[in-house]
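One structure below.
The values are calculated or read from the model by the stated rules, or taken from the named source; none is laboratory data. Treat the numbers as computed from the prediction; the structure is a model and nothing was measured. All Cβ positions, glycine included, derive from the backbone under ideal geometry; neighbour counts span all protein chains shown.
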There are 2 protein chains.
Amino acid sequence: MTDYGKFNSDDVGSFFRSPVREIFKRVDLNKIYSMAGGYPSADTFPLEDIRELSSVVIDKYGAKAFQYGATQGTPELREVISKRYGVPVGRVQVTTSSQQGIDVCTRVFVNPGEVILTSQPTYLGALQSFRSYRADVHGVAGGGYEAEIQKVLSEGKKIKFIYSIPDFQNPSGETLTLGEREEMVALARKYDFLIVEDSPYREIRYEGETLPTIYSLAPERTLHLGSFSKIFAPGFRLGWIIAAPELLDPIYVCKQSLDLCPPIFDQYLAAEFMDSGRLDANLARSREIYRAKRDVMLEALEENMPEGVSWTHPEGGLFLFLTLPEGFDVVDFYDKALDAGVAYVAGNFFRTDGLGRNTMRLNFSFMTAQRIREGVALLARLIKEELTIDKG
Amino acid sequence: MTDYGKFNSDDVGSFFRSPVREIFKRVDLNKIYSMAGGYPSADTFPLEDIRELSSVVIDKYGAKAFQYGATQGTPELREVISKRYGVPVGRVQVTTSSQQGIDVCTRVFVNPGEVILTSQPTYLGALQSFRSYRADVHGVAGGGYEAEIQKVLSEGKKIKFIYSIPDFQNPSGETLTLGEREEMVALARKYDFLIVEDSPYREIRYEGETLPTIYSLAPERTLHLGSFSKIFAPGFRLGWIIAAPELLDPIYVCKQSLDLCPPIFDQYLAAEFMDSGRLDANLARSREIYRAKRDVMLEALEENMPEGVSWTHPEGGLFLFLTLPEGFDVVDFYDKALDAGVAYVAGNFFRTDGLGRNTMRLNFSFMTAQRIREGVALLARLIKEELTIDKG
């Protein structure tokens, strides 16, 4: 049998491979200067806590920690999430990764051809999910949401939600101001659509003041997505959705057929980790680790990058975003950089319009400070060479 | 805001709640005689192995066991699955539960209105998933597949796959003969559709000879779904798909946006459990536990059930299927049984045609032998009463 394509559903035509995951297939991350992925630092994983908690969970819950469990998540984990974030338990749905949160929101709320608004650029994994359901994704640069909404509505299209990462956005590293959050909420209310607020980095803030979540401004129409990936460890694949029970109900029913329930042992480990105060202790340590790495990257950029290159100054999170002179093509440049041993993600992959080929996302959480310094210096040297060739 | 339904996608109209999970919400499973769920026996969970392996995995793999991992599954787990089942590693995709395997096959291969053939009755969680994508599900009783295929094709519909649980089927407990497997393969080749072979119970055989998998008869067009839920523990939410690389490729890309990768720590635990020989030791013990429970249930049925009631004699798995006299309505009877403290699942929930209201699924894996005896005796007494009332 050779023609397997005939078996595919129509959705498959809109699937696209993560270019980040394709990079990981080509190279061994530990052998190059990798600023490509969004991997947390291995230093932040509480290995000895996990070893100890594995035994604690087995002693405390026995077989229950390995049996099937509730589709909403274990009562214990929902309870500690509810307590930590000050929301009723009935508004907490545990997900098998916050990526699943994005995916299930798209599945449950969006028909093919319906519109999702996002910032421009935005998270690649969200774009993968949105497109896989054949949603009509409109990326909006700056604050131009209302103009875009009116254009979309005038074309007779239906807007289902805005997808936003308000804190230390992936890939830009930027944070929405309170005013921008309020404006987004006002638009959602005026034009009657939902907001999917993706908050994986919110608790990884290095400086500045914590701003209200969009959920807190519009709890009736916001689905707030949380993640254990950056505050515990990504290998557990655990996240949560906080939303009105009416919005969670179809998600709950959908999740029954998606995977029945989130991983149980992992949920008990996460609940114990959070409830025992270990999460806050580990988070304080992680913030210091990441802040230092960000500072090293900012310094190295300042020291090494040629004129005409600019970058964002994130107050938290794992990424910053670099803009090169107009005409520089980071996609063409990519093989040269990889051959020289340094990886980034081309900025155009985060956009809905294919532009931004003079931008790149740089991650500062994964490598050691020393390797960040070396990696940025190498990248800067290659960029300078490229700029000289272009002029020559 | 009151009208949340307007935000839903068209798929949501076809979602339906698992009646089994609704039962679990109503009653505390440990306080009634529960023959309703498909829960493995807590006695079979290797708690001390897991405690030890948690430390082994942390020592051996460190932070790697908690970082993001490959979408296909960890190389270590894919390798041991490949070795155990004698298939190339390139044909193994790890899934976040075998329920996800069912769901992703539907997502990737079936458009709304396209046909999936199943046995009649069949697994409820599969029906939930199929219907959630608005597939046209045709349940076929006995061996009538070819007649149904011709009928469906004559109506201009497209058949995408047969879904089959060949070993100790859920809910019937029945096993397809080699001839039936060969016939299914011949039909799939003749009419050019796929086969999704769901095999969660295959290694829980108590008697009789192991038959070839459907996959082994048609590796070019079968997606074989495996599960750790009955051979390790369901709380890990781990399964796998074995299939041609061409069929796995769209599943792999889809899984990137579904949840990026299966849980990593759990995958390392499963790989160590399997590779160290502990899985086989635990499986041998589990088979004895389950065989004894099945025998107790068969004996109790024989001793207690009135004339006119019949049941299947499964050679493995967790379930048997009871047929009551025509006219007996297990749905009407349900509240009476639950009030008296005994739970089952009504047989009609496993069908595509709503018939079978005189059948029920009984699980024998969850309760102790003593409670199985008491539960069956209680159920039989209630059925006798009901039959007397009906006659009176």
* Would you check which residues across region B:335-392 are touching a residue at least 24 places away in the same chain (Cβ under 8 Å), on the phi < 0 side of the Ramachandran plot and small (G, A, S) and list them? => B:A337, B:A340, B:A343, B:A346, B:G347, B:S365, B:A369, B:G375, B:A377, B:A380
* Asked: Any idea which residue in region B:7-43 is nearest to the other protein chains (Cβ to nearest Cβ), counting only those that are part of a helix (DSSP H, G or I), more than 18 Å from A:Q256 (Cα to Cα) and modelled with pLDDT under 95?
  -> B:A42
* Within region A:288-299, is there a residue that is under 30 Å from B:E22 (Cα atoms) and among the acidic types (D, E)? -> no
* Structure fact -> In region B:158-175, residues that are more than 17 Å from B:R189 (Cα to Cα) and either not assigned by TED's automatic domain parsing to the domain that holds B:G208 or not β-branched (V, I, T) (or both) total 9
* Structure fact -> Flagged in region B:5-30 as surrounded by fewer than 18 Cβ atoms within 10 Å (Cβ to Cβ) and in contact (Cβ under 8 Å) with a residue 60 or more places away in the chain, in numbering order, are B:D10, B:S14, B:F16, B:P19, B:R26, B:V27, B:L29
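Quick check, is A:G317 in contact with a Pro (Cβ under 9 Å, 6 or more places away or on another chain), more than 14 Å from chain B (Cβ to nearest Cβ), modelled with pLDDT of 95 or more and surrounded by 23 or more Cβ atoms within 10 Å (Cβ to Cβ)?
On the way: in contact with a Pro (Cβ under 9 Å, 6 or more places away or on another chain): yes; more than 14 Å from chain B (Cβ to nearest Cβ): yes; modelled with pLDDT of 95 or more: yes; surrounded by 23 or more Cβ atoms within 10 Å (Cβ to Cβ): yes.
For A:G317, the condition - in contact with a Pro (Cβ under 9 Å, 6 or more places away or on another chain), more than 14 Å from chain B (Cβ to nearest Cβ), modelled with pLDDT of 95 or more and surrounded by 23 or more Cβ atoms within 10 Å (Cβ to Cβ) - is met.
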* Asked: Is one or more of the residues making up region B:280-288 assigned by TED's automatic domain parsing to the domain that holds B:K384 and buried (at least 19 other Cβ atoms within 10 Å of the Cβ)?
  -> yes
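Could you check, for region B:194-213, whether at least one of its residues is basic (K, R), buried (at least 22 other Cβ atoms within 10 Å of the Cβ) and either out of contact with any Gly (no Cβ under 9 Å at 6 or more places or on another chain) or within 14 Å of chain A (Cβ to nearest Cβ) (or both)?
Residues of region B:194-213 that are basic (K, R), as a first pass: B:202, B:205.
Keeping just the survivors that are buried (at least 22 other Cβ atoms within 10 Å of the Cβ) gives B:202.
From what is left, the residues that are either out of contact with any Gly (no Cβ under 9 Å at 6 or more places or on another chain) or within 14 Å of chain A (Cβ to nearest Cβ) (or both) are none.
Checked against the condition, which is being basic (K, R), buried (at least 22 other Cβ atoms within 10 Å of the Cβ) and either out of contact with any Gly (no Cβ under 9 Å at 6 or more places or on another chain) or within 14 Å of chain A (Cβ to nearest Cβ) (or both), region B:194-213 yields no hits at all.
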* **Residue among A:T2, A:T95, A:T106 that is among the β-branched types (V, I, T) and in contact with a Gly (Cβ under 8 Å, 6 or more places away or on another chain)** => A:T95
* Can you name every residue in region B:122-134 that is at the interface with chain A (Cβ under 10 Å from one of its Cβ atoms) and either at pLDDT below 95 or under 30 Å from B:T323 (Cα atoms) (or both)? -> B:L124, B:G125, B:A126, B:L127, B:Q128, B:S129, B:F130, B:R131, B:S132
* Structure fact -> Checked region B:184-227 for anything over 26 Å from A:S9 (Cα atoms) and charged (D, E, K, R); matches are B:R202, B:E203, B:R205, B:E207, B:E209
* Structure fact -> Quick count over region B:108-158, residues being hydrophobic (A, V, I, L, M, F, W, C), touching a helix residue (DSSP H, G or I) at 6+ places or on another chain (Cβ under 6 Å) and under 29 Å from B:S257 (Cα atoms), is 8
* Residue by residue through region B:140-173, note down the ones that are touching a residue at least 60 places away in the same chain (Cβ under 8 Å) and surrounded by fewer than 20 Cβ atoms within 10 Å (Cβ to Cβ). => none
* Asked: Would you pick out the residues in region A:73-121 that are in a loop (DSSP other than H, G, I, E, B), more than 10 Å from every other protein chain (Cβ to nearest Cβ) and surrounded by fewer than 22 Cβ atoms within 10 Å (Cβ to Cβ)?
  -> A:G86, A:V87, A:P88, A:G113, A:Q120
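Residue-by-condition table, conditions (1) in a helix (DSSP H, G or I); (2) in contact (Cβ under 8 Å) with a residue 60 or more places away in the chain; (3) surrounded by 24 or more Cβ atoms within 10 Å (Cβ to Cβ); (4) at the interface with chain A (Cβ under 8 Å from one of its Cβ atoms):
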position	(1), (2), (3), (4)
B:I241	no, yes, yes, no
B:E246	yes, no, no, yes
B:Y252	yes, yes, no, no
B:L258	yes, yes, yes, yes
B:P262	no, yes, yes, yes
B:F265	yes, yes, yes, yes
B:A270	yes, yes, yes, no
B:M274	yes, yes, no, no
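Does B:R291 satisfy the condition of being surrounded by fewer than 19 Cβ atoms within 10 Å (Cβ to Cβ), touching a Ser or Thr at 6+ places or on another chain (Cβ under 8 Å), of a type outside the set (A, V, I, L, M, F, W, C) and in a helix (DSSP H, G or I)?
On the way: surrounded by fewer than 19 Cβ atoms within 10 Å (Cβ to Cβ): yes; touching a Ser or Thr at 6+ places or on another chain (Cβ under 8 Å): no; of a type outside the set (A, V, I, L, M, F, W, C): yes; in a helix (DSSP H, G or I): yes.
No: the conditions fail for B:R291.
So, B:K64, is that one closer than 26 Å to A:A42 by Cβ, more than 10 Å from every other protein chain (Cβ to nearest Cβ) and not in a strand (DSSP E or B) or not?
No; evaluated as a whole, the condition is false for this residue.
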* To do: Looking only at region B:299-306, decide whether some residue is touching a Leu at 6+ places or on another chain (Cβ under 9 Å), part of a loop (DSSP other than H, G, I, E, B) and more than 14 Å from every other protein chain (Cβ to nearest Cβ).
  => yes
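For residues in region B:224-239 being facing chain A (nearest Cβ under 10 Å) and not charged (D, E, K, R), which is nearest to A:G73 (Cα to Cα)?
Restricting attention to region B:224-239, the residues satisfying the condition of being facing chain A (nearest Cβ under 10 Å) are B:229, B:232-239.
After this cut, where a residue has to be not charged (D, E, K, R) as well, the list is B:229, B:232-236, B:238-239.
Details: B:S229: 17, B:F232: 20, B:A233: 17, B:P234: 14, B:G235: 11, B:F236: 13, B:L238: 16, B:G239: 19 Å.
So, considering only residues that are facing chain A (nearest Cβ under 10 Å) and not charged (D, E, K, R), the one nearest to A:G73 (Cα to Cα) is B:G235.
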* Any residue at all in region B:53-61 that is facing chain A (nearest Cβ under 8 Å), buried (at least 22 other Cβ atoms within 10 Å of the Cβ), farther than 30 Å from B:P245 by Cβ and over 21 Å from the mean Cα position of the chain (by Cα)? -> yes
* To do: Filter region B:360-376 down to residues that are surrounded by 24 or more Cβ atoms within 10 Å (Cβ to Cβ) and of a type in the set (S, T, N, Q) and give me whichever is nearest to B:A141 (Cα to Cα).
  => B:N363
